[in-house]
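See structure below.
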Amino acid sequence: MRSQRTRGPAGIFGRRHWIPPGAFAFGQLAHGASWLVAIIAALTLLTGSDGWQLAWIHLVVLGWFTTIAFGILLHALPAFTDGVWKAETLARWSILGFAAGVFGMVVAFAAASPWLLYAGILCALFAGVYILSALITLAKPMLLHSVEGAVARALAITLGLLLATVILGVLLVLMRVGVPMPWWIVRVPFIHATLGTVGWLCLLVFGVSLRTLRPITGAAPGTPWMHIATGTLTLLAIVGLAVGAAEASVALLWLGAGCFGAGALLYVADVVDRLRRATVRHRLPQGFVIASILWLIVALGLGGAALAGDVPPSAYLFVLLIGWVGQMVNAHGHHIGVRLIATIYRGEDDQTPPERLLSPLAGWMSFVLFQVAIAVVAIGLLCANAGLTAFGSAIGFLGWCAMSANMLHAKGRALQSA
């Protein structure tokens, strides 16, 4: 971690923080807004309009997950690969532009506005700037024959998949605003969704959590072959699902789904082993990790049922995003997020354990509310019950309020002894 005087979006107090506070704050605001948008999306589900549903998906995937991921990678990417960011200031500025583009795109989706084209291109432009800056940074570490080199290559592949997702997204934006497109564009939405969820988010979490779970659990990663197998199977899954969608091949779709399921279960086994060996006594982030992998298992079952046509894909997508990825992000927020708050107000060398700044009551209240919300919304989606889905989303918003109050409590505690 480091703190430097700088110009630009460096963070409050004129310092360049190890993770930009603005990225973390925007991501958390997007998280809260996503529950409110989910209420409206549920109530408009039967109208035939998909605007609010698309607004929700992009608010979650881009506004919440990707913005926070961009902020964390500013610290994690060089730390994991022994590299140095190239054009780091440009990368930090690009997060600000990306967040503005996400906000505009979400509003445009919800309002069915022709401004969608401009917002989507703005979002894609700044995402591209960030990704290219990251890939240039990884160019040298990728050549190393070491663990750092392997991590750099894995991160490069993940960011490359995000770039492909962004490019396909631009094509879909052009289609939505009425630009004539070739016939094969009808198969792009599934490929776009697969690259964004499995290729970008799941592969990112599988890889990055290999390192970031260590401070949360205190346990080192397990056997290397499990991580290699998880990554390899996930890449094969992406190929199978994408090619299967392009060629309308049911066999390839099932092969891709099977590879993803196998890789995910290996990841679950590794995480369970690390939780079993945990030495850190802060149980709240570990609770979110446990919830995350349990929801991942549920998502795998729902994904198979959705592919067979037995359940709506929306239930699978919700549990995968909010249950699996969302709870893992919450786990890291209660550790990395609180560490960021502590270093902002108490100095970059502060080593205060997060549990000393958080309220256990508010923390576990948010945990319970989130899990209940996910379960209720999933049941509502499975039953096509708009009222139940909206009710579950309202519970989720209360969970976000409790978590936000806890973060403000942590800020207050940090200021008291600053």
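The values are calculated or read from the model by the stated rules, or taken from the named source; none is laboratory data. Owing to the predicted nature of the structure, the values given are computational and were not obtained by experimental measurement. Methodologically, a virtual Cβ is constructed for each residue, glycine included, from the backbone with ideal geometry; neighbour enumeration extends over all protein chains shown.
Sort out which residues of segment 41-73 are within 20 Å of A331 (Cβ to Cβ) and more than 16 Å from the chain's Cα centre (by Cα), and write them in order of number. It would help to see each step written out before you state the result.
Within segment 41-73, the subset within 20 Å of A331 (Cβ to Cβ) is 60-61, 63-73.
Those that are within 20 Å of A331 (Cβ to Cβ) and more than 16 Å from the chain's Cα centre (by Cα): none in segment 41-73.
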Can you confirm whether G222 is surrounded by fewer than 18 Cβ atoms within 10 Å (Cβ to Cβ), of a type in the set (G, A, S) and not in a helix (DSSP H, G or I)? yes
For segment 261-301, which residues satisfy the criterion of being surrounded by fewer than 19 Cβ atoms within 10 Å (Cβ to Cβ) and outside any helix (DSSP H, G or I)? R277, A278, T279, V280, R281
In segment 375-386, residue farthest from the chain's Cα centre (by Cα) [restricted to those that are in contact (Cβ under 8 Å) with a residue 40 or more places away in the chain and assigned to a helix (DSSP H, G or I)]: A386
Just to confirm my filter: which helices (runs of 4 or more DSSP H) fall fully inside segment 112-203 and include at least 1 residues that are within 23 Å of Y267 (Cβ to Cβ) and charged (D, E, K, R)? 147-176
Based on what the data block shows, is A394 part of a helix (DSSP H, G or I), in contact with a Leu (Cβ under 8 Å, 6 or more places away or on another chain) and either over 19 Å from L317 (Cβ atoms) or aliphatic (A, V, I, L, M) (or both)? no
Extreme residue, farthest from the chain's Cα centre (by Cα), among residues of segment 74-95 that are in contact (Cβ under 8 Å) with a residue 60 or more places away in the chain and closer than 17 Å to F26 by Cβ: W93
Looking across segment 232-248 at residues that are out of contact with any helix residue (DSSP H, G or I) (no Cβ under 7 Å at 6 or more places or on another chain) and modelled with pLDDT under 95, the single one that is surrounded by the fewest Cβ atoms within 10 Å (Cβ to Cβ) is A248
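Just one of G326, G304 is in contact (Cβ under 8 Å) with a residue 12 or more places away in the chain and surrounded by 22 or more Cβ atoms within 10 Å (Cβ to Cβ); which is it?
Numbers: G304 fails: surrounded by 22 or more Cβ atoms within 10 Å (Cβ to Cβ).
Only one candidate passes the filter, namely G326.
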Is it fair to say P180 is of a type outside the set (A, V, I, L, M, F, W, C), modelled with pLDDT under 95 and surrounded by fewer than 19 Cβ atoms within 10 Å (Cβ to Cβ)? yes
